[in-house]
1. For the stretch 156-188, give me each residue that is surrounded by 15 or more Cβ atoms within 10 Å (Cβ to Cβ) and either over 17 Å from G228 (Cα atoms) or of a type in the set (D, E, K, R) (or both).
2. Could you grab me the full set of residues in the stretch 110-143 that are more than 17 Å from T206 (Cα to Cα) and touching a residue at least 12 places away in the same chain (Cβ under 8 Å)?
3. Mind checking whether some residue in the stretch 198-208 is out of contact with any His (no Cβ under 9 Å at 6 or more places or on another chain), at pLDDT below 95 and more than 19 Å from I6 (Cα to Cα)?
4. What strands (runs of 3 or more DSSP E) lie completely within the stretch 112-197 and have 3 or more residues being farther than 27 Å from E85 by Cβ and of a type outside the set (K, R)?
5. Only one of V24, V48 is of a type outside the set (S, T, N, Q), in contact (Cβ under 8 Å) with a residue 40 or more places away in the chain and under 30 Å from W132 (Cα atoms). Can you tell me which?
6. For the condition over 19 Å from Y31 (Cβ atoms) and in contact with a Gly (Cβ under 8 Å, 6 or more places away or on another chain), what is the one hit in D95, D176, D116, D157?
Amino acid sequence: MPKALIIIPTYNEIENIRLMIKQVMGYSLGYHLLIIDDNSPDGTGNAVKELQNEFKERLHLIERSGKLGLGTAYIAGFKWSMENEYDFTIEMDCDFSHNPDDVERLIKTAEKGPYDLVIGSRYCKGGEVVNWPLGRKLMSFYASVYVRMVLWIGVKDTTAGFKCYRNTALSKLNLDRIPFKGYAFQIYMKYQLIKKGFSYIEIPITFKDRELGNSKMSSGIFKEAFIGVLKMRFMKL
């Protein structure tokens with residue numbers, strides 16, 4: 001199995017963090033896990049530190065000074081992954097909306113393709129969303145339609161946050177110049193890789209709404225994504 005690092009940004013995920021770490025560490029394939037915690041006041045970071053005693057070689061933690069945004073957390077994680085010479089880097093949420101069981105499929109697809117980016121997709125054939133109200137499903141689906149129309153890319157799930165990158169592709173991106181922090185960051189990463197000629201594929205996943213903890217979605221994040229897509233269309237990559 002290639003050397004793979006899973007990155008999970010956290011802010012106030014105390015209800016999920018122990019369960020997620022235990023599940024990921026329980027796989028026989030030996031994934032490494034990097035938690036990037038934005039100084040969660042609920043003690044998420046402390047819970048990770050406690051479990052580091054149990055999983056010394058495979059569980060890692062970056063603690064940041066405050067809530068600095070999803071995009072900057074992933075950028076810090078990408079750099080850490082490349083510095084530590086992993087082959088693949090996986091983005092995943094802490095709230096179990098992404099099923100950790102699917103990580104193996106993402107990595108094996110990237111390896112066998114070979115592909116530089118594998119997207120766990122809600123909207124390609126076989127993908128689905130469960131436990132979301134109809135209004136949120138429609139908003140998410142048509143947001144991807146909007147992105148495809150503006151950016152002229154074929155990705156069906158443009159805002160997907162469950163992805164596997166090949167680190168040789170990540171190393172070719174200028175991570176320090178990415179201007180977005182929220183969902184626009186997820187769109188921009190796909191757009192950059194596609195425009196630079198890297199290979200990608202979408203594979204179906206079942207996305208399940210969180211059962212524990214509170215969503216981090218806000219109107220500001222949605223607005224950044226809506227306006228950010230227009231900026232991407234005309235900015236120099």
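1. If the condition is that a residue be surrounded by 15 or more Cβ atoms within 10 Å (Cβ to Cβ) and either over 17 Å from G228 (Cα atoms) or of a type in the set (D, E, K, R) (or both), then K156, D157, F162, K163, C164, Y165, R166, N167, A169, L170, L173, K181 are the ones that fit.
2. Those that are more than 17 Å from T206 (Cα to Cα) and touching a residue at least 12 places away in the same chain (Cβ under 8 Å): A110, E111, G113, P114, Y115, D116, L117, A143.
3. No, the stretch 198-208 contains no residue that is out of contact with any His (no Cβ under 9 Å at 6 or more places or on another chain), at pLDDT below 95 and more than 19 Å from I6 (Cα to Cα).
4. In the stretch 112-197, the matching strands (runs of 3 or more DSSP E) lie at 128-130.
5. None of the others qualify; the one that does is V24.
6. One residue alone meets the criteria, D157.
Yes/no matrix, rows are residues, columns are (1) surrounded by 15 or more Cβ atoms within 10 Å (Cβ to Cβ); (2) modelled with pLDDT of 95 or more; (3) in a helix (DSSP H, G or I); (4) acidic (D, E):
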site: I17; (1), (2), (3), (4): yes, yes, yes, no
site: M20; (1), (2), (3), (4): yes, yes, yes, no
site: V24; (1), (2), (3), (4): yes, yes, yes, no
site: Y27; (1), (2), (3), (4): no, no, no, no
site: D42; (1), (2), (3), (4): yes, yes, no, yes
site: L61; (1), (2), (3), (4): yes, yes, no, no
site: S65; (1), (2), (3), (4): no, no, no, no
site: G71; (1), (2), (3), (4): yes, no, yes, no
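The values are calculated or read from the model by the stated rules, or taken from the named source; none is laboratory data. Source: prediction; values computed, not measured. No Cβ is skipped: glycine too gets one built from the backbone with ideal geometry, and neighbour counts run over all protein chains shown.
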